[in-house]
Every structure is written in C-alpha cells, then in structure tokens.
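The values are calculated or read from the model by the stated rules, or taken from the named source; none is laboratory data. Model, not experiment: these values are computed from the prediction. Neighbour counts are summed over all protein chains in view; Cβ atoms, including those assigned to glycine, are modelled from backbone coordinates with ideal geometry. Just the protein is used for accessible areas: all its heavy atoms, side chains included, with ligands, DNA and RNA removed. Shrake-Rupley method; radii C 1.70, N 1.55, O 1.52, S 1.80 Å.
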Amino acid sequence: MRRILLIVSLLLTSKFLFAEHITGGEMYYTYQGMFNGQHVYTVTLKLFRNCGSVGAQLDINAAIGIFDKATNRLVRNTKSFNLSNPTELELLDPGKCITNAPSVCYQVGFYTDTVRLTPNASGYILAYQRCCRINGIQNLVNSGNIGATYTAEIPGEDIEPTAPVNNSAKFNGRDTVIVCGGYPFTYSFGAEDADGDILRYSFCDAYVGGSGGPNGQAAPNPPANPPYAAVNYSFPFFGGAPMGTAVTIDPTTGLITGVSPSEGIYVVTVCVQEIRNGLVIATQRKDIQIKAGGCSLTKPSLSPNYITCDGYNYNFTHPDNSLITTYSWSFGDPASGANDTSSLQNPSHLFSSEGVFTIKLVANRGQECADSSFATVRVFPGFFPNFTNLGLCLTNPVQFVDNTTTNWGVVNSWVWSFGESTDPTDISTVQNPSNTYSTVGPKTVRLIVGNSVGCVDTIEQVVDIISKPPITLGFRDTLICSPPDDVQLQASGTGVFSWSPNISITATNTATPRVNPVTTTTYYVELNQDGCINTDSVLINVVDRVTLTALNDPTTICLTDPVQLNINSNGLRYNWTPAATLDDPAAANPVATPTATTTYTVTASIGTCTATDDITIVTVPYPVANAGRDTSICFNTSAVLHGSHNGNSFTWTPSSSLSNPASLNPVASPNGTQAYVLRAFDTRGCPKPGLDTVLVTMMPRIRPYAGNDTLVVIGQSLQLNAEGGVSYLWSPPTGLNNPTISNPVGVYNGEVDSIRYTVTVYDEIGCADSAYVRVVIFKTNPYVFVPTGFTPNGDGINDILRPIAVGVERINYFRVFNRWGEMIFTTTVNGGGWDGRINGTPQASNVYVWMVSARDYTGKEIFLKGTTTLIR
C-alpha cells in the first residue's frame, strides 16, 4: 500500500512569481560587545528554497525591520542584509529499507550583517516578511493569499540586567529528513545557546506577513509593525497541534514525535524560550512547511496510542507494505494466556481487564530489514459523549452544555466547532461554551471530548439557528356562533406567550387562552424566547346563524354507483344520516353508495347553532347482460357465443372476429385467446350499460413428434418416443406392447420389411394432430455396414462416409486411415462420418482403410474393417 511521505521541505511559495520561492526560515544573532555605548550584534537570516525550483531564486538582499518591543515602533530599517554563501543540502542515501524514497535537496541562503542598538529597557524585535505561501496547505484556510514573518527577539535591561548581553538560541537540527506517513517519526528542533540559558520548546502560531506590502511588494520594506497576526488554521488543526494531536513536541529537547498526517502540506512553527535566572528573556522561532509525498518503510506503522472506550476488544490494523513479510505482535497482556501474541497482519485481541498495556510489533523478525515499534493501548470501557444546547435565536448567544459521562477518570478536554468555519472564533476549548451566530440555518456543531484516561470521541448535532422562534398554531381562523359560544386558541413554541387585544379573552399569557368575542376579531400572539420575538395571528369569525342549502336534490343514479352529496354551508361540523352507506358522515360533501332509493339528512353546526336539510338519491338497477359460459377451442377453430339480456339493445366488443355482432349468438373466430364483452342498454333511468364478459380460450397449436426413422434387426426391442400432447394413439399397433402410450416398445419377427407408424397426439380438450415414423427391419444379425465408396462433391448424395449400424447399441469408434497408416478421422457417434477433408482441405481420389468397433443390443462386441474409395 502506498504510504504518505512527509518531507521536511520548508516550502514558502511566491504567488507574485508563480513558482516555489522561500520554503521556510529562521533568524538568530550573536553578541559582539559594546561600541560607543551601543550593543553590537551579528544578525543572520536563514532562508530555504527547494533545489531546482523554477521561477524566482533567493532574493539578493533582505529588508529587516527593527522595532521597539514595548511600543512596536519602527526603530530602524536596513537594506544591507545581502545574500551570501548559498549552499545546497541533499540527502544522498535514504537506505535500502525504504522504497519510493524521493530526492531531498534544499538551497540555503544566509543574510548576515552587524546591527548596533542603543540599550533600552524593553528590548527589540527583528522582523522579515515575504509573500506568499502556496495554495492548498492542508492546515490553513485560503493559504495562497498569506505570507510569512520570521522574527528574533533581543531582550532589554528591565527583564534582567545582563539580558541584552545575549546570544540567541540557534536551531541546529538536520533539515534533510524523510518521514513516511502513517509511521511513527521523530524530527529534532533542538537548539544550542552559547550563554547556557535554559531552553523550553513548544508549538506556536505561525505568523502572516508580506501579503503584498506597501505598493504591492512581495517583501515589504519596511516590514509591518508587530504584533503579528496568526494564520487562520483549518479545523481540527491549530498552532498548538499543527499536524494534529498525534504529533507532539518535547518541551525540554525540542524533539517532535508522533505519527505523520495524511498527504498534503502543513505549516509548523516551533518557539524556543531562553530562560535565565528563572526569567524568560527572549523567544526565537522557526517557521517551516512540511510536504507529504509517498514512500514505504519496514518500520511497523503503529499509532503511539490506541484506546478502546466501548469494550475490551480491539481490532488492530496494519497497512499493506511490500517490504514487510512477517508480523510478530505482543499485546502486553500475559493474563490473556496464549492469546497474548499473534502473527497476523491485522489481529484482534480481547484484553483481560481495563488498564494501560504496552504492545510491540516486530516486522521481518530475524531478517536484514527487521524493525519494531511500540505503542500503548488504553482499555477503559464506558465513555458516552453527549451535549445539549439552550437557545437557537440568531441575536442571542446559544449556550452549549456538555453532558458527557465516563466510567473511568474524569471528562477533562473539549474542542467545540460551532458550524461556522469561516469565523476564526468558531473553536472553543471550554466545557460549556456559548456562541452567537451570524447567519441563520442548520449548523453542524461538533464536540471532540476526552477524559483523563485518554478516551477521545466526537459527536455531531445539527442546531437550526433561526431569526425568530417558531410558533405553531392549531388553526389560523375559525367560526363561532354568538352568543353564547367561545373557543380555545391553540399555539405552541418555546418561550413566553402574550395575546392581544385584551377583549373577551382569558389567560392572555398562556399558549391556549379562551375567547368569546361578540363580533369578528383578530387576536395576535407574540412569542418571546430570550429576547428573540415572533408574532402571528388568529381570526375569529362571529356569525349569528348557520347557513345550509342542499344541492341537486333529487339525484338519480345507477344502483351500486357512488355519488357525492353537495351542500353550500358556513358550518364548521356536519352530521349526515343514515351513515351506513356514506364514506365519511362527518364530511361536508361525503360520497354515498346507497343500496336503494335513500333520503340523506345533514345537520350543520357552529358551536351551539345548527341548521338541517336533506338530499334524496333515487337508484335504478343496471340492465342485466349475460355473455354465456367461458369456453375453450382448438387452434384456429371457432366457437358460438350464447348471450342474453333484459334491456332493449346490446353490443358485442370486440366485433371484428365475430360473424354477426348484431346477433346474440354470433360465431367467434379469434386469432388467439379473446375476451368478448356484452353490453346491455335500457331506458328505465340508468344511463350506463350492464356488462358481462365471456372468455374464449384458444389452445396452443399441437406440434406432434414421432421420432426419427430407424433400423432394427429381427428380435431387437425398439423404444419409440412421441411428444407434443397429453395422450397418444399409435397405428397400426403391429409389434407394439401398448399403442395408447407415448413410448411403446416394438419387437418384430420379420413378417414385413418395414412399418410406417402414425401417432395421433391429443391435448387437454381433445384437439388432435399426427406425425409419422418409419421402422426398417433387417433379417440379419446385428451388423455395421460401411459403403465401399463415396463422392463428396456437395450434391447431397453420398457425400459422407458413415457407418450404418443395425441392431447396434453403440459405436465404440469409427476410424479412417490413409495409405500410410495415419488416422485421418475418428468418431463415436452413430451416423457420424468423414466428409473427405483433412483439416478442412479436400482430399484427392484414393483408397482409404476404415475400422469400426461396436456393441450390439445383446452386449456382444463387433469389430470390422475394410476399404472405401473416395471418388472426385
């Protein structure tokens, strides 16, 4: 499997030159002494660039600004830092236990000059800026539009009297390092300090800078004044974890360790503090870009730490690696007995208890490229991340509450992302943060939560941010009949309700007040959720009576047909009777299916006010049609239909295959199975016809088969086989054991030379058709006849040399040889033969030898040979 290669490449790209330019840098200095009352320092700016990069080379000079540390005021800007002694660093031999190793080479430029500074209390900041970083840096947002700032600090006298007499810490780690992604790695950011100051290391924010500069300069002169803004990191990266939480730095040694991240480029900045007499006198920085490529190592790829917080079983996986041939796991769990080791690439282990275990994986044990890795496994089941939120209004802070529980340790770390990635304040690390959103809509809130024993989990929830709290109304308008009716208003939502006007209403500060206005009134509701307000309204129409008019009374329909009952009314509720033949007796316009002439009565009501009316539905029976019984016919035959009705007219459909569609008894001659519909009409009031259908099923065509003509000898049993129907009749019955079955057996005594059998085949309803088979009877013993000559000229007569087997159960082989004894044809198929060709080439006239081996119907073997002449 292809592995991600991390090459410490120290990349910084100049977007103004459209090519890779500076790829990283640092600044350091040495103290030279006092001259004319000023401190003298030799300052060096060290910049890196990829070897062979197209486009801009290292700048020939560098503008370094000097700023007062207390006021951030520019003290001096100099252009005298010229490029000197550019060198190349190259990794020539990565070793044989690595595959796909890239070329690692950097051009290093040094800019060195002397700086004289007047003693002051606060000290100085030296800064150099260059634009721009490249597009697509994984841990930065919009990385192509920001540059970099490299700084050094010179301490002042107020910190410590001897502080200005200082040689800065100088990073001395090797800059040509290859790290394969997914593998544990180390990289030293250690530094040396000529003054013997204590050094303390940490990851810190990378600075932006040089983003065009005055008049659009790539390297501003002078540089911008401090303080310098941090770059905008993309989630989940930040200055303290620029390569993710799996990569850490030792604060004492500056050694970076961990598992490399996935493919991409990452900005990493390391700060080293100089501590003298217990006080931090200065902080120096190194800003690099780490590029991910691809390679493979024999070192096992283990995460530094594994953890299971939902059970005792852990499934370990190791990526495919062509360099590793054997795996030897030890799980550090002797209580698990024989299960404490495994030779699988991807083993599973059930730990015997909770706790911290040290595992070891050896790759290629006993081989030249053997290597091993260690990791810890934390087994602490019972970690349940959860959170809730209070509020969802755009104008107010939304409070998030961590509800995570744990069976082991205490919950002690939180990283929140509130779903607005463009906002640099979108991340919080407090337990119960609040966030004020700038836009409405669904926000995916993510919490990465951990506990003191190392459990870490992520939970996401969608919070829908609104500009006003939602109000749900039970209805927006309704009717009441006054007096004395009232109605309960219905609203729901989160917050405090308030209704107005305060006329004929009770409980105005509840969601469900009751109202009884004497005139039509609109009531307004306000919902206040923590200062976020929404309003809505309900119209109460007040009437003094119910209006009701039945429509289309009476109505005539065909018996069993449905009909919709229609009224005009301002009622709110309805009750129809009788209800048994209505689909919904409470609907304003129900569907009725009466079984006889019926009068339906409807009562419409508004509160206590009612009105009544009725509709009569007159039913008339359908005319009766009888198309007759279904029938079946033989293939391509006809049938007589037998129809009847009680109306005064009728029609048949379809009519095209009927002899006389105007007759109740037409002859039907369909092309296949056909349904015929008889429609009867009358004038008794039902406008629809009565229908009936007769199905005429045409049987499939019979395809009789009696078998192929055949040869037998006297006394030989012959199995006949007919197909195509459900019953059979053989004629004549001579020699047959049963002429009424499909597969009779025939035995012959030689009274006739041949018999032509006719078999009549019948289907399920007695339709019939016939087929024929000829049986030739030889008055000889079983034998194989082979012609003495054949003429393969394609005229269809005697073109194939084939054996003619009589009384033979099977042909063992039939073979043909040329005059040199070479076999040119063979077959075991009775009736198979030679067409006079060898490999598709026609052979000339000649004499050929044949041999045949067969077994007769009694089991006796037959062997014959002879000659035949091919005639062209």
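Quick look at the values:
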{"quantity": "Under-5 Å amide H pairs with residue 770, H placed in peptide plane, nonlocal only", "calculated": "761"}
{"quantity": "FRET E, pair residue 559, residue 659, Förster distance 41 Å, beta-carbon r, rounded to 0.05", "calculated": "0.75"}
{"quantity": "Backbone N under 13 Å from the residue 642 label point (7 Å along Cα→Cβ), restricted to segment 680-708", "calculated": "none"}
{"quantity": "Potential extension, residue 845-residue 257 segment - 0.36 nm per residue separation minus Cα distance", "calculated": "202.5 nm"}
{"quantity": "Solvent exposure ordering (accessible area, 1.4 Å, most first) of 774, 49", "calculated": "774, 49"}
{"quantity": "Aspartates and glutamates whose Cα lies under 20 Å from that of residue 468, excluding same-chain neighbours fewer than 8 positions away", "calculated": "420, 526, 530, 536"}
{"quantity": "Table column - 3J(HN,Hα) (Hz), segment 99-111, Karplus curve with 6.51, -1.76, 1.60, x for Gly and Pro", "calculated": "10, 6, 5, x, 7, 10, 8, 10, 8, 10, x, 10, 10"}
{"quantity": "Estimated inter-spin distance, residue 552 and residue 330, nm [label 7 Å along Cα→Cβ]", "calculated": "9.2 nm"}
{"quantity": "Computed Kirkwood radius, in angstrom, where 1/r is averaged over Cα pairs of segment 682-772", "calculated": "16.0 Å"}
{"quantity": "Exposure of residue 691 as accessible area (Å², to 10), given a probe of 1.4 Å and all protein chains", "calculated": "110 Å²"}
{"quantity": "Protein-only accessible surface order, largest first, of 863, 681, 81 at 1.4 Å", "calculated": "863, 681, 81"}
{"quantity": "Formal net charge of residues neighbouring residue 460 (Cβ-Cβ distance under 13 Å; K, R +1; D, E -1)", "calculated": "+1"}
{"quantity": "Inter-probe distance in nm under a simple model that places probes 7 Å from Cα toward Cβ, at residue 93 and residue 121", "calculated": "6.0 nm"}
{"quantity": "Gain in span if fully extended, residue 312 to residue 358, counting 0.36 nm per residue against the direct Cα distance", "calculated": "15.1 nm"}
{"quantity": "Net length gained if the chain between residue 721 and residue 635 were fully extended (0.36 nm per residue, minus Cα distance)", "calculated": "28.6 nm"}
{"quantity": "10 Å-binned pair-distance histogram of segment 274-408 (Cα, whole percent)", "calculated": "10, 26, 19, 19, 19, 6, 1"}
{"quantity": "Amide H partners (placed H, <5 Å) of residue 632, local residues excluded", "calculated": "697"}
{"quantity": "Surface share of carbon and sulfur [accessible, 1.4 angstrom probe, percent] for the chain", "calculated": "51 percent"}
{"quantity": "Proximal charge balance of residue 808 [Cβ under 14 Å; K/R count +1, D/E count -1]", "calculated": "+1"}
{"quantity": "Rounded to the nearest 10 Å², the accessible area of residue 817 at probe 1.4 Å", "calculated": "40 Å²"}
{"quantity": "Average accessible surface area per residue within the chain, 1.4 Å rolling probe, Å²", "calculated": "47 Å²"}
{"quantity": "Relative contact order %, segment 391-492, counting alpha carbon pairs below 8 Å whose residues are six or more apart", "calculated": "28 percent"}
{"quantity": "Point-to-point label distance, residue 800-residue 492, nm (Cα→Cβ direction, 7 Å offset)", "calculated": "8.5 nm"}
{"quantity": "Nearest-0.05 FRET efficiency for residue 684 and residue 729, computed from C-beta distance (R0 56 Å)", "calculated": "0.50"}
{"quantity": "Rounded to whole Hz, the Karplus (6.51, -1.76, 1.60) HN-Hα couplings of segment 690-697, x for glycine and proline", "calculated": "x, 10, 8, 10, 10, 9, 9, 9"}
{"quantity": "Cα gyration tensor of segment 489-598 - equivalent ellipsoid semi-axes, whole Å, descending", "calculated": "44, 16, 10"}
{"quantity": "For segment 194-205, 3J(HN,Hα) per residue [Karplus equation, 6.51 cos²θ - 1.76 cosθ + 1.60, θ = phi - 60°, Hz, x = Gly/Pro]", "calculated": "5, 8, x, 5, 6, 10, 10, 10, 6, 6, 8, 5"}
{"quantity": "Environment charge of residue 197, counting only residues whose C-beta is closer than 15 Å and scoring Lys/Arg +1, Asp/Glu -1", "calculated": "-3"}
{"quantity": "Residue 88 accessible area, assembled protein chains, probe 1.4 Å, Å²", "calculated": "120 Å²"}
{"quantity": "Rg over Rh, two decimals, segment 777-872 (C-alpha only, Kirkwood Rh)", "calculated": "0.98"}
{"quantity": "Alpha-carbon Rg with Dmax, taken over segment 91-232, Å", "calculated": "18.9, 56"}
{"quantity": "Segment 153-234 - percent relative contact order, Cα under 8 Å, separation 6 or more", "calculated": "20 percent"}
{"quantity": "Relative contact order of the chain, defined on C-alpha pairs under 8 angstrom at six or more residues apart (%)", "calculated": "6 percent"}
{"quantity": "In segment 298-405, chymotrypsin sites (Phe, Trp or Tyr not before Pro) in a DSSP loop with at most 12 other beta-carbon atoms within 10 Å", "calculated": "none"}
{"quantity": "Residue pairs, from the table 96/170; 46/69; 291/443; 46/299; 69/286; 779/860, whose Cα atoms sit over 26 Å apart", "calculated": "96/170; 291/443; 46/299"}
{"quantity": "Mean Cβ neighbour count within 10 Å, used as a protection proxy, ranking 179-187, 623-631 highest first", "calculated": "179-187, 623-631"}
